[in-house]
Amino acid sequence: MKIICIGRNYAEHIAELQHERPTDPVIFMKPDSAILPAHNPFYIPDFSNDLHYEVELVVKINRLGKHIAPRFAHKYYDEIGLGIDFTARDLQNQLKDKGLPWEKAKAFDGSAVIGDFLPKTDFPDINAIEFGLKKNQEWVQKGNSEMMLWKIDELIAYVSQFFTLKIGDFIFTGTPAGVGKVSPEDELVGFIGEKKMFEVKVK
Ligand code: ZN
């Protein structure tokens with residue numbers, strides 16, 4: 001099982017981090033050891049003083065595929081969920097400045113929160129899914145899949161040109177604006193529409 005993550009997929013988030021708009025999707029991966037076990041707290045790793053949440057829609061792959069055409073991509077998933085791509089922003093910036101890979105900042109133990117999933121049939125339009133994150137009961141991120149630069153089916157097609165997708169793989173589809181730092185005792189709750197998808201306590 002692998003976790004494929006998309007970076008810079010929402011224009012407003014690109015603007016807030018003062019990045020350039022990419023010409024192709026930015027891709028990185030997390031290993032299975034990055035998954036935060038359900039109901040475990042998230043411990044801020046001691047190598048970061050600027051640990052950020054990024055709430056993201058997550059697609060669960062249900063079929064083996066490579067070189068998938070965009071028009072067939074919808075056949076490769078039937079559930080959509082929500083997760084957090086925890087990011088050590090300070091370390092990520094250091095690595096980026098040196099032109100080094102981001103893994104230490106993005107793929108460490110516990111860096112992938114994967115919450116509940118909903119059947120695709122629950123959504124009238126995959127490209128209009130509202131989601132968001134509350135930190136200590138206040139909205140910090142609100143997004144909608146219609147704001148994605150590359151939509152879910154386009155991402156599946158693109159990613160599958162490089163990596164064979166396998167049953168049980170996850171794709172984190174990028175974060176909207178509003179990313180920010182977590183501190184010990186913060187409580188993060190993720191929503192798709194009105195539905196609570198996960199709850200994480202920060203330590
Ligand atoms: Zn992310």
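Rule-based calculations on the coordinates, nothing more; no lab input. What you see is a predicted model; the values in this text were computed from it and never measured. Note that each Cβ is placed from the backbone with ideal geometry, even for glycine, and that neighbours are counted across all protein chains shown.
Through the Karplus equation 6.51 cos²θ - 1.76 cosθ + 1.60, θ set to phi - 60°, convert the phi angles of segment 186-203 into ³J(HN,Hα) values in whole Hz; use x for Gly and Pro.
5, 10, 10, 10, x, 10, 10, x, 8, 7, 6, 10, 6, 9, 10, 9, 9, 10
Size of the dipole of segment 121-203 about the Cα centre, Lys and Arg at +1 and Asp and Glu at -1 on the beta carbon, nothing else charged, in debye to 20? The partial results should precede the final answer.
Numbers: 10 positive and 13 negative charges, 63 e Å.
I would put it at about 300 debye.
Would you mind checking which residues have amide H under 5 Å from residue 141's amide H? H placed 1.01 Å from N; only 5 or more apart, or other chain.
Amide H neighbours of residue 141, under 5 Å, 5+ apart: 133.
Divide by every residue of the chain the summed helix terms, -39500 (n - 2.57) for each DSSP H run of at least 4, and state the resulting mean residue ellipticity at 222 nm, rounded to the nearest 500 deg cm²/dmol.
Details: 4 runs with 27 residues, N = 203.
When only DSSP H runs of four or more count, the value is -3500 deg cm²/dmol.
Which whole-number percent gives the relative contact order of the chain, counting Cα pairs below 8 Å spaced six or more residues apart?
Values: 488 pairs, mean separation 69.8, N = 203.
Taking the mean separation of contacting Cα pairs over the length of the chain, I get 34 percent.
With θ taken as phi - 60° and the coefficients 6.51, -1.76 and 1.60, list the Karplus ³J(HN,Hα) couplings across segment 46-53 in order, rounded to whole Hz; mark glycine and proline as x.
Once rounded to whole Hz, the list reads 6, 8, 9, 10, 8, 8, 10, 8.
Around residue 110, under 11 Å between beta carbons, what's the net of Lys plus Arg minus Asp minus Glu among the other residues?
Here the charged neighbours net out to +1.
Which residues' amide hydrogens lie under 5 Å from the amide hydrogen of residue 7, considering only partners 5 or more residues apart or on another chain, with H built in the peptide plane?
Counting only residues 5 or more places away or on other chains, the set is 26, 27, 28.
Over the chain, what per residue volume does the convex hull of the Cα atoms give, in whole Å³? Write out the running numbers ahead of the final one.
Values: hull volume 22.1 nm³, N = 203.
Convex hull of Cα atoms, per residue: 109 Å³.
Taking the dipole about the Cα centre of segment 3-201, with the C-beta of Lys and Arg at +1 and of Asp and Glu at -1, give me whichever of 13, 62, 95 is farthest to the positive side.
The residue sitting most towards the positive pole is 62.
Each residue of segment 101-113 in turn: what ³J(HN,Hα) in whole Hz from Karplus with 6.51, -1.76, 1.60 and θ = phi - 60°, glycine and Pro shown as x?
Each residue of segment 101-113 in turn: x, 8, 3, 4, 8, 10, 10, 6, 3, x, 6, 10, 8 Hz.
Assigning unit charges at the beta carbon (Lys, Arg +1; Asp, Glu -1) and nothing else, what dipole magnitude in debye, to the nearest 20, does the chain show about its Cα centre? All intermediate terms of the calculation are to be shown ahead of the outcome.
Values: 25 positive and 30 negative charges, 113 e Å.
Using only the charged Cβ atoms, the result is roughly 540 debye.
Return a whole-number percent for the relative contact order of segment 83-144, with Cα pairs under 8 Å and 6 or more residues apart as the contact set.
Values: 53 pairs, mean separation 16.3, N = 62.
In percent, rounded to a whole number, it is 26.
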